[in-house]
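The values are calculated or read from the model by the stated rules, or taken from the named source; none is laboratory data. It should be emphasised that the depicted structure is a prediction, and the values quoted were computed from it without experimental measurement. Every residue, glycine as well, gets a Cβ built from its backbone with ideal geometry; the counts of neighbours run over all protein chains shown. Surface areas here come from the heavy atoms of the whole protein model, side chains and all, with no ligands, DNA or RNA. Shrake-Rupley method; radii C 1.70, N 1.55, O 1.52, S 1.80 Å.
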Amino acid sequence: MNTLSSTTGNISLDPSAAFGSDGSGARVTASRDARASGVKLAVRNLTMRYGNGHTALRDFNLSVKAGEMVVVLGSNGSGKSTLMKCVVGLNRPTAGSVEVAGCDLAALSGNALRQARLPLALISQNANLVKRRSVLANVCCGALGRHRTLATALGRLPRDEIETSRACLEEVGLLHLAGQRASTLSGGQAQRVAVARALVQRPHVLLADEPVASLDPEAADEVMRLLRRLATEDGLAVVCVLHQPELAARYADRLVGLRKGELDFDRHASEVPSAQIARLYVGDAS
C-alpha cells in the first residue's frame, strides 16, 4: 500500500481511509472566509522598470473582488508575466502597491512577505508535481507555508493536514486518485491536482498563470470550469492569464487587456468587442 510520511507516522493513502465506506468527505470549508464582500486584490499604480531600462509595466491598476474571475489578455512581452511576478512578490516593483488582504506586499520582504502572501495561491502553466510521490502527498505540500518546521524541511508532512488535503481533492473531483503516483496523471488531471494543492493554502486570491496553455481543448475547458466554480461557489478572487481569448470570453466576469506594459481595457467580458481584443496581438508588444 502507498504511504505518506507524516510528523506522527505513516498515513494510509487508501481513498476510503478516514472517510466513510464510499470515500466521501466534507467539502472544503477553509477558503469560505473569502466569501466576505470587498476587494481581495488591489494593484495600484504599479510600475516595473528593470535594470536595463526596460519598463515592463507602467502605472497599472487592477482590483478583484471576492467571487470575481478576471482574465488578463495580451501578447508575449505585454507585461502579463511581470504582473504576476509582482503580485506574488517575486519582483519588487519600481513604484506602486500590491495589496492582498489589506497588506502591501510590495513594501515587505523576508518572513513578513512570506506571511503576508499566505492568502494568495499560484497555479502555473506546468503543474510542477513531484511525480514519484502520490497525488495526496503533492496536495499536502500546499499546507507547508503554515508548517515551517524541521520536520517539514526534511520532507515530512503534517498529519493534521491530511483531511483538508483529501477534501480539496474531492473539491476538484479527484479524491479517487489520492493514492496514485503523480507520474500517472494526464495533463488535465495534473492541473486539477495543482488547483487542489493551491486550495490547501486556504487562499483568498487564486492566480492562474496560463494554466491551460499545454492542455487539449477538452482538458482546458475542464480546468476553466473549475476555476469559474471556485470563484462563483467558493468566493475566491480569481485572476487568470490566458492566451485564448475565446476561453476568456466564455468564463471571465471581466477582461483586462495589457498592451506594451499599459492597461488597454478593463471591462465586463460581454462588453469587449473582438476587434479590441485582436488589437492586443497586432505588432510587437515587447
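Ranked highest first by average number of other Cβ atoms within 10 Å, how do 247-255, 109-117 line up? Write out the running numbers ahead of the final one.
Working: 247-255: 20.6, 109-117: 13.8.
Ranking, from highest mean packing down: 247-255, 109-117.
For a test of the definition: using alpha carbon positions, the gyration tensor, and the 1.5 limit on a/c, classify the range 173-216 as rounded, prolate or oblate. List each step's numbers first, then the result.
Numbers: a/c = 2.77, a/b = 1.19, b/c = 2.32.
Oblate.
Put Leu280, Leu185 in order of accessible area, largest first, 1.4 Å probe: what do you get? Don't jump to the answer; show the numbers that get you there.
Numbers: Leu280 0, Leu185 25 Å².
Sorted by accessible area, descending: Leu185, Leu280.
Within the range 71-86, list the residues whose amide N lies under 20 Å from a label point set 7 Å along Cα→Cβ of Thr47.
78-86
Karplus couplings for the range 203-209 from phi (6.51 cos²θ - 1.76 cosθ + 1.60, θ = phi - 60°), rounded to Hz, Gly and Pro as x?
For the range 203-209, the Karplus curve yields x, 9, 10, 10, 9, 10, 9 Hz.
Round to the nearest 10 and report in Å² the accessible area of Lys131, as given by a 1.4 Å probe over the protein chains' heavy atoms.
Roughly 140 Å² of Lys131 is accessible to a 1.4 Å probe.
Just how much of Val130 is accessible, in Å², when a 1.4 Å probe is used and the result is rounded to the nearest 10?
Spelled out: Val130, probe radius 1.4 Å, area about 60 Å².
Holding the Cα-Cα limit at 31 Å, pick out from Lys40/Lys131; Lys80/Lys131; Lys65/Lys260 the pairs that are longer than that. Provide the component values of the computation, followed by the final result.
Numbers: Lys40/Lys131 33 Å; Lys80/Lys131 29 Å; Lys65/Lys260 26 Å.
From the list (Lys40/Lys131; Lys80/Lys131; Lys65/Lys260), the Cα-Cα distance tops 31 Å for Lys40/Lys131.
Figure the gain on full extension for Ala269 and Asn128 (residue separation times 0.36 nm, minus the Cα-Cα span) and round it to one decimal in nm. Could you put the intermediate results ahead of the total?
On the way: separation 141, 0.36 × 141 = 50.76 nm, distance 3.03 nm.
Separation in residues times 0.36 nm, less the Cα-Cα distance, equals 47.7 nm.
Aspartates and glutamates within cross-link reach of Lys85: Cα-Cα under 17 Å, excluding same-chain residues under 8 positions apart?
Within reach: Asp59, Glu99, Asp104, Asp209, Glu210, Glu262.
How about the range 202-278: which GluC sites (Glu not before Pro) there are in a DSSP loop, with at most 13 other Cβ atoms within 10 Å of their Cβ?
Listed in order of number, the matching sites are Glu233.
If I compute solvent accessible area with a 1.4 Å probe over the protein chains, what percent of it on the range 72-125 is carbon and sulfur? Write down the numbers at each step before the final one.
Details: 1040 of 2170 Å².
Ligands and nucleic acids excluded, carbon and sulfur give 48 percent.
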